[in-house]
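> This is the structure I have questions about; it appears just below.
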Amino acid sequence: MTNTTLVKQKSTVGAHDAVKSSVSTEIDKVIIGSVAAFTGVVALWSVACLMSAMFQAGGPLQLAGSYFKALAGM
């Protein structure tokens, strides 16, 4: 016959802590999603503005030339 030893382990599960961390995690996901969406909108807006400026200037080289003229004050 083999010797067996019974070990008593005490475990506590806090249901309140689990709910609080789950809600906090979900709120963080919503906030991160909102920030990512706003970043995407700003990126699209900046690309649209840059394309508009390029079309009005007559091309990318003219846009760069006009930019440097504006910086130099000419």
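> Filter the range 48-74 down to the residues that are small (Gly, Ala, Ser) and surrounded by 10 or more Cβ atoms within 10 Å (Cβ to Cβ) and list them by number.
Ala48, Ser52, Ala53, Ala57, Gly58, Gly59, Ala64, Gly65, Ser66
> Moving on to the next point. Against the definition (modelled with pLDDT of 90 or more, small (Gly, Ala, Ser), part of a helix (DSSP H, G or I) and touching a helix residue (DSSP H, G or I) at 6+ places or on another chain (Cβ under 7 Å)), how does Ser46 come out, yes or no?
Considered against the rule, which asks whether it is modelled with pLDDT of 90 or more, small (Gly, Ala, Ser), part of a helix (DSSP H, G or I) and touching a helix residue (DSSP H, G or I) at 6+ places or on another chain (Cβ under 7 Å), Ser46 comes out as no.
The values are calculated or read from the model by the stated rules, or taken from the named source; none is laboratory data. Predicted model only: the values in this text are computed from it and were never measured. Quick reminder, even Gly has a Cβ in these numbers, built from the backbone with ideal geometry, and neighbours come from all protein chains shown.
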